[in-house]
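Undergrad: Pasting in a structure now, in structure tokens, and then I'll have a few things to ask.
Taken together, the values in this text are just the output of simple stated rules run on the coordinates, not laboratory data. Since the model is a prediction, treat every value here as computed from it, not as a measurement. So basically every Cβ, Gly included, is an ideal-geometry build from the backbone, and we count neighbours across all protein chains shown.
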Amino acid sequence: MNKVELKPTTIFECFAEVNKVPRPSKREEKMIEFLLQFGKTLGLDTQRDECGNVIIRKPATAGMEGKPTVILQSHMDMVCEPSDGSFDFENLPIETYVDGEWMRAKGTTLGADDGIGIAMEMALLKSTDIEHGPIECVFTRDEETGLTGAEAMKPGFMSGQYLINLDSEDEGQIFVSCAGGCRTTATFHYEPQAVPEGMFFARLSIAGLTGGHSGDDINKKRANANKLLIRFLYQTMKQTELHLVDLQSGGLHNAIPREGYAVIAVPRAWKEQLAINWNIYRSEVEQEYEVTEPKVVLDLESCDAPSTMIDDATAHRLIMACQAVDNGVYAMCQSIKLVETSSNLASIRVDSDTHTININSSQRSSLLSARRNMSDTIEACFQLAGAEVNVGEGYPGWAMNPNSRLLSVATEQYCNLFGKEPIVRGIHAGLECGLFSEKYPHLDMVSFGPTLRGVHSPDEKLHIPTVQMVWDHLLAILKNI
Ligand SMILES: [Zn+2]
């Protein structure tokens, strides 16, 4: 394939400059220094806040003084992969190369997330021939590992009334909403008990599930390993004497759980029935998830008698609560095709040292009130079962503004330039815009950017032709807002 030209030249030059500066999340000191220097060298009003966020203000060009101030925003940190120490991200520059229509890095993340956004802002700040009203270029710290720069930003740091976030990954799509989220944990305390005589012990395991992001992938009908295990335990509990010895399932709060196992005891006389039921259950699961979980593996193994088990009353309350608790999509937005509210039952873990069973879950919604209601639903369910429940503080979402002036200008200019409508959408995950909307409630925002693939991995690549498209779109918005 022929190599494409790196256009617009200034943006790719700026991106090359950015990639010389080390900027791992939480260790952005060199990048902060670089940006401060960049703004001051241009003679522009340049400031940083206590947290390390940087703002560079540029006045309107001649004849554009009456325009409203537009904030352009990107994050200064990057995900550093591989993270096994084979590359020194603290000191070495990212080396890039062109592969057909794509730009990639040699063995590392490319840093186009969000270095290409930084480069566009730099190109605009440096420019002498682009028409624009007053602009504020904002660079936030540590987006990737906790949105801490956006979270720490004080009201008043930015003064514009429109904000364009340059951290989206699909050219032709304009993001107008994101989800807020919160974690809810539940803890059951149990009494270890002696195991009765005449029992058959089995280890039931589920593996090979697809998993994925607990927000962005929640509507893809991926099976939840915790829910699959609990469902079988609940069915068994209704039919025979069931004891629970151990349960270890799921992992990170923001991931759909891919695997887990439970160790149970049933009367020895019921051993065959258990195996028959498990086989029936396996075929039901395979059929229900034929399309989305082709690699699911359900296993049953006999195992030795353990010394103790969880007291039956607690085990049964746990199983009933986890059977009853909401999981997955709860509501869809009606203005755009997007999940509005969801919950993910992320993990269930028995801790035999502390005699507790710990459950972790996360709720998301673009509406704060709906997210609170979802967390209340989870809380009520586990409280009913006698667990101690803790609902976290959470972070805010960004609700779509149906009267957004910025969105209508962005849409109109996109149609003028490319002869087609952009896709207007939201994301069911956290973005910095959610935090801005809390502190700057009157800010009118959109988010877009050139096409990236494989972000957060060494396969990260930037689709070069889309940089010119996004740039043209951005300049048209600035000229016409
Ligand atoms: Zn990013």
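Undergrad: Sort 309-321, 369-381 for me by packing, meaning the mean count of neighbouring Cβ atoms within 10 Å per residue, highest on top. Before the final figure, lay out each step's value.
TA: Details: 309-321: 20.2, 369-381: 18.5.
Put in order of decreasing packing, that is 309-321, 369-381.
Undergrad: Is there a quick way to get the dipole size of segment 71-118? I mean about its Cα centre, with the Cβ of Lys and Arg at +1 and of Asp and Glu at -1; what is the value in debye to the nearest 20? Walk me through the numbers before you get to the answer.
TA: Working: 2 positive and 10 negative charges, 26 e Å.
Computed charge dipole of segment 71-118: roughly 120 debye.
Undergrad: Using the Cα centre of the chain as the reference point, and only Cβ charges (+1 on K/R, -1 on D/E), how large is the resulting charge dipole? Debye, rounded to the nearest 20. It would help to have the intermediate numbers written out before the result.
TA: Values: 43 positive and 66 negative charges, 159 e Å.
Value, rounded to 20: 760 debye.
Undergrad: Hey, another quick one. Along the three principal axes, how long is segment 181-391 when you take its alpha carbons, biggest first, rounded to the nearest angstrom?
TA: 58, 37, 25 Å, listed from the longest principal axis down.
Undergrad: Ranked highest first by average number of other Cβ atoms within 10 Å, how do 183-194, 42-53 line up? Don't skip to the end; give the middle numbers.
TA: Working: 183-194: 17.5, 42-53: 15.7.
Averaged packing, sorted descending, gives the order 183-194, 42-53.
Undergrad: Just to check I understand the Karplus step: with θ = phi - 60° and J = 6.51 cos²θ - 1.76 cosθ + 1.60, what whole-Hz values come out for segment 28-44, glycine and proline as x?
TA: 9, 3, 5, 6, 4, 4, 4, 5, 4, 4, 4, x, 5, 4, 7, x, 9
Undergrad: If you don't mind, there's one more thing I want to ask. Using +1 at the C-beta of Lys and Arg and -1 at the C-beta of Asp and Glu, which of S307, N373, Q323 has the Cα lying farthest in the positive direction of the dipole of segment 181-391?
TA: N373
Undergrad: While we're here: Per residue, what volume in Å³ does the Cα convex hull of segment 1-114 take up?
TA: Working: hull volume 14.6 nm³, N = 114.
For segment 1-114, the hull spanned by Cα atoms encloses 128 Å³ per residue.
Undergrad: Something else about it: For the Cα atoms of the chain, what angle does the longest principal axis make with the long axis of helix 312-324, in degrees from 0 to 90, nearest 10?
TA: That helix lies at roughly 40 degrees to the long axis.
Undergrad: Across every pair of different alpha-carbon atoms, what Kirkwood hydrodynamic radius in Å does segment 289-363 reach?
TA: On the way: mean 1/r = 0.0626 Å⁻¹.
For segment 289-363, inverting the mean 1/r across all distinct Cα pairs yields 16.0 Å.
Undergrad: Normalized C-alpha radius of gyration of the chain, against 2.2 N^0.38 Å?
TA: 1.14
Undergrad: Also, quick follow-up: How about segment 276-319: which GluC sites (Glu not before Pro) there are in a DSSP loop, with at most 13 other Cβ atoms within 10 Å of their Cβ? Display every interim value, and only then the final one.
TA: Details: sites: E284, E286, E288, E290, E301; in loops: E290.
Passing sites in segment 276-319 are E290.
Undergrad: Related question: Give the relative contact order (percent, whole number) for segment 66-143; include only Cα pairs under 8 Å separated by 6+ residues.
TA: Values: 96 pairs, mean separation 43.1, N = 78.
Relative contact order comes out at 55 percent.
Undergrad: Moving on. Run the numbers for T292 and N390: contour at 0.36 nm per residue of separation, minus the present Cα-Cα distance, in nm. Walk me through the intermediate numbers first.
TA: Details: separation 98, 0.36 × 98 = 35.28 nm, distance 3.24 nm.
Additional length available on full extension: 32.0 nm.
Undergrad: Give the average over all directions of the projected area of the C-alpha convex hull of segment 174-279, one decimal, in nm².
TA: Details: hull surface 35.1 nm².
Mean shadow area of the hull around the Cα atoms is 8.8 nm².
Undergrad: Net charge within 12 Å of F188 by Cβ-Cβ distance, Lys/Arg positive one each and Asp/Glu negative one each, not counting F188 itself?
TA: After counting each charged neighbour, the total is -2.
Undergrad: At a temperature of 25 °C and a viscosity of 0.890 mPa s, determine how fast segment 55-213 diffuses translationally according to Stokes-Einstein, using the Kirkwood radius over alpha-carbon pairs as Rh; express D in µm²/s, rounded to the nearest whole number.
TA: Working: Rh = 20.5 Å.
My calculation gives 120 µm²/s for D.
Undergrad: Would you mind checking K26/K221; K58/K479; K238/K295; K221/K271; K154/K461; K3/K40 for any pair whose Cα atoms are more than 26 angstrom apart?
TA: In this structure, K26/K221; K238/K295; K221/K271; K154/K461; K3/K40 exceed 26 Å between Cα atoms.
Undergrad: Let me ask another. Just how far, in whole angstrom, is segment 345-362 from segment 51-96 if you go by their alpha carbon centroids?
TA: With segment 51-96 and segment 345-362 each reduced to a Cα centre, they are spaced 40 Å.
Undergrad: So for segment 377-416, what are the equivalent ellipsoid semi-axes in whole Å, largest first, each being the square root of 5 times an eigenvalue of the Cα gyration tensor? Walk me through the intermediate numbers first.
TA: Values: eigenvalues 396, 18, 10 Å².
With the √(5λ) rule applied to segment 377-416, the semi-axes are 44, 9, 7 Å.
Undergrad: Now a separate question. So how strong a dipole does segment 181-391 carry about its Cα centre when Lys and Arg Cβ are +1 and Asp and Glu Cβ are -1, to the nearest 20 debye?
TA: Here the size comes out at about 680 debye.
Undergrad: Of F12, P155, T69, which is farthest on the positive side of the dipole of the chain, counting Cα position, with +1 on Lys and Arg Cβ, -1 on Asp and Glu Cβ, and the Cα centre as origin?
TA: T69
Undergrad: Moving on. Could you work out the local net charge near F418, counting Lys and Arg as +1, Asp and Glu as -1, over the other residues with Cβ closer than 15 Å to its Cβ?
TA: Details: positive: K420; negative: D170, E171, E412, E421, D472.
Net charge around F418: -4.
Undergrad: Which aspartates and glutamates does K20 reach when only Cα atoms under 12 Å apart count, and residues fewer than 8 places away in its own chain are ignored?
TA: Correct list for K20: E90, E95.
Undergrad: Additional query: What are the principal axis extents of the Cα atoms in segment 322-456, in Å, biggest first?
TA: That works out to 64, 33, 26 Å along the principal axes.
Undergrad: Tell me the label-point distance for the pair T187, E131, using the 7 Å Cα-to-Cβ offset, in nm and rounded to one decimal.
TA: 6.3 nm
Undergrad: Could you please report the charge total around V263, scoring K, R as +1 and D, E as -1 over all other residues with beta-carbon less than 11 angstrom from its beta-carbon?
TA: With Lys, Arg at +1 and Asp, Glu at -1, the neighbours total -2.
Undergrad: On a 0 to 90° scale, report how tilted helix 225-239 is relative to the longest principal axis of the chain, with both axes built from alpha carbons and the result rounded to the nearest 10.
TA: Rounded to the nearest ten degrees, it is 20.
Undergrad: In what order do W398, W278 fall by count of nearby beta-carbon atoms within 10 Å, going from fewest to most? Walk me through the numbers before you get to the answer.
TA: Details: W398 27, W278 16.
So the ranking, lowest neighbour count to highest, is W278, W398.
Undergrad: How far is it, in nm, from the label point at V329 to the one at M64 when both lie 7 Å from their Cα along the line to the Cβ?
TA: 4.1 nm
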